[in-house]
Amino acid sequence: MAASILLLLCSSSFERPNVPVHHPIIVTADSLHVRSGPGRSFSITNKLTKNTKLSVSDLQGDWYYVESSDIQGWVFKKFTKTVALRSVQPSMQVAQRQPVYTLSKSLRHLKGKTIIIDAGHGGKDKGAIGTQGTYEKDLTLRTALILQNKLQKEGAHVILTRTHDEYLLLSQRTLQSTKADAFISIHYNSTNSSQLTGLMTYYYHQHQDSPLTHSIHQSLINHAKLKDKGERFGNYYVLRENTRPSTLIELGFLSNEREETYINSISYQQMITSAIAEGLNHYFQEKEKTQAHL
């Protein structure tokens, strides 16, 4: 259990540098761990041997996100080197051409807004565990970091409830929300049934939370290729004990093997975070319109 909360303003260390992604690399170490997130604290999901060739599709600090037909995850870039495209197998070249989802519109209403992003679970609380071993706590943090970067680029003031794999009390998660314009708690779903799929969002206070939840939900459904499981009332602490507009979002089922693979992909992570950003922008835009007519 953490002795105190780390609620930090997002630093530039989490911003993606202006370097090319979607390029081929080769492993230079005798053995290289593949991890579920960009850091040594994240769980090991696979192990690569020397001279393994992969395609890079994302970069966070000193970590590459790599993809192939049977491997997805983060590797420490120090133990890799860039190789010429002709040396990459055809399957890697296909992965290299995969498009990156970018924001599709101006998000000027985000500028100056204070937004808290809560990556669900953490530390000893792993959350759901996917059919392929994905820890919910790792995936929520990965999503939060990508979303953080996008919101900051639009001029938002972003606070993460956690920036690494640590355990937080629920009360610690809502501690800094008193002056926030919006609070978003990110989660991934799981159930005993391996067939269930889809997105769902939750609110607690009808007047306070529902408009935010609705805007984000509609944006998610418009962009994601997942089943719409609706907007719902949720008696969750981070919503119930929150004094500011708040929503809890479930971004897919880890208990469904096919969906787990999809939501782990960088294309989904880029798309879903852009959808959240656009939903936030719409919420603030509508709120400004309402206030202008008061």
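Could you tell me what fraction of 2.2 N^0.38 Å the Cα radius of gyration of the stretch 108-292 comes to, as a two-decimal ratio? Spell out each step's value before the answer.
Working: Rg = 15.2 Å, N = 185, 2.2 N^0.38 = 16.0 Å.
The reported ratio for this selection is 0.95.
Applying 1/(1 + (r/R0)^6) with R0 = 30 Å to the Cβ-Cβ distance of Glu286 and Leu170, what FRET efficiency is obtained, to the nearest 0.05?
E(calc), rounded to 0.05, equals 0.55.
Nearest 0.05, what FRET efficiency do Ser194 and Lys81 give at R0 = 41 Å with Cβ-Cβ as r?
Values: r = 40 Å, r/R0 = 0.97.
Approximately 0.55, to the nearest 0.05.
Tell me which trypsin sites (Lys or Arg not before Pro) from the stretch 173-269 have a DSSP coil assignment and no more than 11 other beta carbons within 10 Å of their own. Please report the intermediate quantities before stating the final value.
Details: sites: Arg173, Lys179, Lys225, Lys227, Lys229, Arg232, Arg240, Arg258; in loops: Lys225, Lys227.
Those satisfying the criteria are Lys225.
How would His282, His164 line up from fewest to most surrounding beta-carbon atoms within 10 angstrom? All intermediate terms of the calculation are to be shown ahead of the outcome.
Values: His282 20, His164 16.
Arranged by neighbour count, lowest to highest, His282, His164 become His164, His282.
List, in the order given, every pair from Lys137/Lys227; Lys47/Lys126; Lys50/Lys77; Lys150/Lys179; Lys47/Lys81; Lys53/Lys126 whose Cα-Cα distance in the structure shown is over 25 Å.
Lys53/Lys126
No lab work stands behind these numbers, since they all come straight from the coordinates. In this text the structure is predicted, and so the values were computed from the model without any measurement. Please note: Cβ atoms are built from the backbone with ideal geometry, for glycine as well, and neighbour counts cover all protein chains shown.
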